[in-house]
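The values are calculated or read from the model by the stated rules, or taken from the named source; none is laboratory data. Just so you know, these numbers come straight off a predicted model, no measurement behind them. In this analysis, Cβ positions are derived from the backbone assuming ideal geometry, glycine residues included, and neighbour counts consider all displayed protein chains. These area figures cover heavy atoms from the full protein model, side chains too; ligands, DNA and RNA do not enter into them. Shrake-Rupley method; radii C 1.70, N 1.55, O 1.52, S 1.80 Å.
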Amino acid sequence: METTQVNVAELNVGQTIADNIFANTQFPIIYKDTKVTYEHLHILNVFNIKSIPVYQQLSGKSKATDAVESHSIQLAEKVASFEKSYANAIQQFKKEFFNWESGAKIDMTKIRGMAIPLIEQVLENRSYIFDLNSYSNPQDYLYHHCIATGLIASIMAQKLGYEKGICIQMAIAGTLADSGMAKIPARIRDKTSKLTAHEFAEIRQHPVHSYVMVKDLGALKGEMKKAIFQHHERLNGSGYPKGIKSEDISIFSQIIAVADVYHAMTSERLYSEKKATFQVIEMIKESEFGKFDIKVVNALIAIVAELPIGTRVELSNKERAEVMFINKYAPTRPLVKITSTGEIIDLATVRSFYISRVITKADD
């Protein structure tokens, strides 16, 4: 197949690269036979690569710069649409939660109506989950946590290979996992000081309350109801409400559990400050080892940490950077290029700081 050298400024999305592309790196930044995406256009510009070889028959006429600009506008519009849908869902969920406090039953038609539009968008584009913790606030944390846990659980199920119907069921189950908190007195669940033993025992009963609230819902599969009941159980037996161990804990409860912990730790709560996204990923993988199914943890890591080349991030030292290369053995610590200086740093060897957040908005 014949090849031709093409200026990067004239490169089109969809063209196929005819050779490995290096940039003073041990491994190629883009491999031979890769079809060009918007991410590749960006990384070629970041590394100041002026031209590359491509296969001739896939050449096009439009300018890459025009394509990137158009793509950016589309992304901005989609993010705005998601934010609006998410804000509406929070307000609707809050009303439903107040109804549950008064003894009302769960209305699955309303829950599905508010959740499914968000689920559809998240399953199509996982980057929406990077901003979920920034939407939250300490006063309304619980409502945000329910919606966010469901969305994260759905995309984890997708990553684990489950079909779309199960992913939607996981989202609903994750959203309703803490519905039983409506049965816990507000003075306990909103308390900012240390809980007494009695108060903590009350909190530990919320999965039981949640199960009672969902057990008669015909639209929710039995295995999802079980997952709701078990979402605070841990493989080593340290969880609640039963303290059961690995062989008795379902994979679906583990998905909700990991989604629950991830969102909780990355969000600001009345009684706890939020931690950096990648710091939490490392904590779940290392300090919480033995509590969670490693397949489920790896699914979360793949979703959150395996970032596309060119992704903008903020480091824990407040520097802005761009992802240059992902080390599959340390996906939470990629090779990054500091925006202000152009310095390239391998976070796998420089352990004094880490990625604190992913920057998803063009004006951020």
Per the rule of 0.36 nm per residue minus the C-alpha distance, extending ASN7 to THR196 adds in nm 61.3 nm
Listed by chain and number, the residues whose amide H is under 5 Å from that of ARG269, excluding neighbours fewer than 5 places away on the same chain and using placed H, are LYS274
Heavy-atom accessible area per residue of the chain, all protein chains kept, 1.4 Å probe, expressed in Å², is 48 Å²
At R0 = 41 Å the Cβ-Cβ FRET efficiency linking ASN317 and ILE244, nearest 0.05, sits at 0.45
Of the listed links LYS191/LYS361; LYS242/LYS285; LYS183/LYS361; LYS226/LYS295; LYS32/LYS295; LYS159/LYS318, those spanning more than 28 angstrom between alpha carbons are LYS191/LYS361; LYS183/LYS361; LYS32/LYS295; LYS159/LYS318
Residues whose built amide H sits under 5 Å from the amide H of SER51, excluding neighbours closer than 5 in sequence, are VAL8
Expressed in angstrom and ordered largest first, the alpha-carbon extents of the chain along the principal axes are 70, 42, 38
Sorting ALA197, ASN12, GLY239 by the position of each Cα along the dipole of the chain (Lys, Arg +1; Asp, Glu -1; all at Cβ), the one nearest the positive end of that ordering is ALA197
Candidate cut points under chymotrypsin sites (Phe, Trp or Tyr not before Pro) in region 230-277, DSSP loop plus at most 13 other Cβ atoms within 10 Å of their own Cβ, are TYR271
For LYS245, the aspartates and glutamates lying under 20 Å Cα to Cα, once residues fewer than eight places off in the same chain are dropped, come out as GLU223, GLU233, ASP260, GLU286, GLU288, ASP293
For PHE98, the accessible surface traced by a 1.4 Å probe with all protein chains present amounts, in square angstrom to the nearest 10, to 90 Å²
Carbon/sulfur accessible area of the chain, % of total, 1.4 Å probe, equals 50 percent
The correct pair for region 86-235, radius of gyration to one decimal and Dmax as a whole number, both in Å and from Cα atoms, is 15.0, 44
Ranking ILE43, ILE301, SER253 by how far each Cα lies towards the positive end of the charge dipole of the chain (+1 on Lys and Arg Cβ, -1 on Asp and Glu Cβ), the top one is SER253
Any DSSP H helix in the chain with Cα axial reach of 20 Å or more and mean Kyte-Doolittle score of at least 0.0? Listed by number, the hits are 108-124, 141-159, 251-265
Under the helix-only model (-39500 (n - 2.57) for each DSSP H run of 4 or more, divided by the residues of the chain), the mean residue ellipticity at 222 nm, to 500 deg cm²/dmol, is -14000 deg cm²/dmol
